[in-house]
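Here the structure comes first, spelled out in structure tokens, and everything after it is commentary.
The values are calculated or read from the model by the stated rules, or taken from the named source; none is laboratory data. This structure is a prediction, so every number in the text was calculated from the model and none was measured. Here the Cβ positions follow ideal geometry from the backbone for every residue, glycine too, while neighbour counts run over all protein chains shown.
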Amino acid sequence: MRRVLITGGAGFIGSHLCRRFLNDGDEVVCMDNLLTGRIENIGDLFGRAGFLFVKHDITNFIHVPGQLDAVLHFASPASPTDFERLPIQILKVGALGTHKVLGLAKDRGVRFLLASTSECYGDPEVNPQPESYWGNVNPIGIRGVYDEAKRFAEAMTMAYHRYHGVSTRIVRIFNTYGPSMRPDDGRMIPTFFTQALRGEDLTVFGDGLQTRSINYVSDLVEGICRLLDSDHVEPVNIGNPHEMTVLEVAERVLRTTGSRSRIVHRELPQDDPKVRRPEIGLAQRILSWTPQVDPDEGLRLTLPYFEAQVGRKSG
């Protein structure tokens, strides 16, 4: 049995990780300042043996009493609406927060896993994106606060590995979706579900021919757990290489919901990636990992959550 610290544990991915570790028989310290995380994401975990919630801002000093076997760093606002609403907080948690949790892992001599992102690749000039690609990021654009926070976090993680000998892991996460997402977070799938269920027009930016590769959350969690237990230090892409246009994703959501909403087009945001597709050969080789949930199945599994969150407009 392990005892793990999950920062950002009340967030979308963090809450799924808390549940997975508890279901595997481990103990979990879930740490979150609830800036974007939500108590309802972990409400079913209170009272479970081995679960502890700590409300704390990890840009400040961190202390975790008792046994600790691993640190998984998932704290960060991560949605497009947050880039404009919380830019300083994103930069601080990527820099100061990562520094604090790496220091904790170093002091306790435990393994550290960083949640990084495909946004490190920016608006990529190669497709699919392998881990060896250095990216095409605009550091002063609206998205730059998140892109550069995660790129800095990766650099600091590798510095702690090389200089202090911390056992580190880095997962680059691609377009993950599923229950516990914030309906209003501005990401593609929550926005499409919310609009479709409310009978509103689905807003597609640009011509909708830009591509995305969507990965259901259970597949991501499995990849993260395998990476944590592996010996691989450098970044690993975890995502579904099934590439679709944004228009196709919108059409799949309409089919899944049975909505009669229309698709309308809006101006493309600054630095919006034209393509996004993971090269997952490394994950297949070292983790024996491939995604198991196809997009239509994942959307069906996600629908009841959004129906409960936003309701459904009849007619």
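In the stretch 20-36, the residue that is surrounded by the fewest Cβ atoms within 10 Å (Cβ to Cβ) out of those that are closer than 27 Å to Thr81 by Cβ and of a type outside the set (D, E, K, R) is Leu34. On the stretch given as the stretch 190-224, residues that are within 27 Å of His16 (Cβ to Cβ) and without any contact (Cβ under 8 Å) to a residue 60 or more places away in the chain total 1. Only helices (runs of 4 or more DSSP H) whose full extent lies in the stretch 37-128 are considered here, and the ones with at least 2 residues that are surrounded by 15 or more Cβ atoms within 10 Å (Cβ to Cβ) and either more than 16 Å from the chain's Cα centre (by Cα) or without any contact (Cβ under 8 Å) to a residue 40 or more places away in the chain (or both) are 87-92, 98-108. Within the stretch 1-35, the set of residues being assigned to a loop (DSSP other than H, G, I, E, B), at pLDDT 95 or above and not basic (Lys, Arg) comprises Gly8, Gly9, Ala10, Gly11, Asp24, Gly25, Asp26, Asn33, Leu34, Leu35.
I'm trying to understand the selection: among the residues of the stretch 163-215, which are surrounded by 22 or more Cβ atoms within 10 Å (Cβ to Cβ) and of a type in the set (Phe, Trp, Tyr)? If the condition is that a residue be surrounded by 22 or more Cβ atoms within 10 Å (Cβ to Cβ) and of a type in the set (Phe, Trp, Tyr), then Phe174, Tyr177, Phe192, Phe193 are the ones that fit.
In contact (Cβ under 8 Å) with a residue 40 or more places away in the chain, assigned to a helix (DSSP H, G or I) and not basic (Lys, Arg): does that describe Ala149?
On the way: in contact (Cβ under 8 Å) with a residue 40 or more places away in the chain: yes; assigned to a helix (DSSP H, G or I): yes; not basic (Lys, Arg): yes.
When the stated conditions are applied, Ala149 passes them.
Of the residues Gly178, Gly223, which is touching a Phe, Trp or Tyr at 6+ places or on another chain (Cβ under 7 Å), on the phi > 0 side of the Ramachandran plot and either modelled with pLDDT of 95 or more or of a type in the set (Ser, Thr, Tyr) (or both)? Lay out the reasoning, then the answer.
Numbers: Gly223 fails: on the phi > 0 side of the Ramachandran plot.
Selected residue: Gly178, the only one of Gly178, Gly223 that is touching a Phe, Trp or Tyr at 6+ places or on another chain (Cβ under 7 Å), on the phi > 0 side of the Ramachandran plot and either modelled with pLDDT of 95 or more or of a type in the set (Ser, Thr, Tyr) (or both).
Being buried (at least 19 other Cβ atoms within 10 Å of the Cβ), among the polar types (S, T, N, Q) and farther than 13 Å from Leu299 by Cα is a description that applies to Ser261. For Val253, the conditions (1) touching a Lys or Arg at 6+ places or on another chain (Cβ under 6 Å); (2) surrounded by 18 or more Cβ atoms within 10 Å (Cβ to Cβ); (3) not assigned by TED's automatic domain parsing to the domain that holds Pro80 all hold with the exception of (1). Of all residues in the stretch 27-36, those that are closer than 14 Å to Ser15 by Cβ and under 17 Å from the mean Cα position of the chain (by Cα) total 5.
Taking the stretch 228-283 as the region of interest, how many residues are acidic (Asp, Glu) and at pLDDT below 95? Matching residues across the stretch 228-283 total 3. Flag: Thr203 does not match the condition of being out of contact with any Leu (no Cβ under 7 Å at 6 or more places or on another chain), part of a loop (DSSP other than H, G, I, E, B), at pLDDT 95 or above and β-branched (Val, Ile, Thr).
Applying the condition of being touching a Gly at 6+ places or on another chain (Cβ under 8 Å) and not hydroxyl-bearing (Ser, Thr, Tyr) to the stretch 107-128 and asking which residue is farthest from Ser167 (Cα to Cα) yields Pro124.
Among the residues of this structure, Asp147 does not count as one that is in contact with a helix residue (DSSP H, G or I) (Cβ under 9 Å, 6 or more places away or on another chain) and either surrounded by fewer than 23 Cβ atoms within 10 Å (Cβ to Cβ) or not charged (D, E, K, R) (or both).
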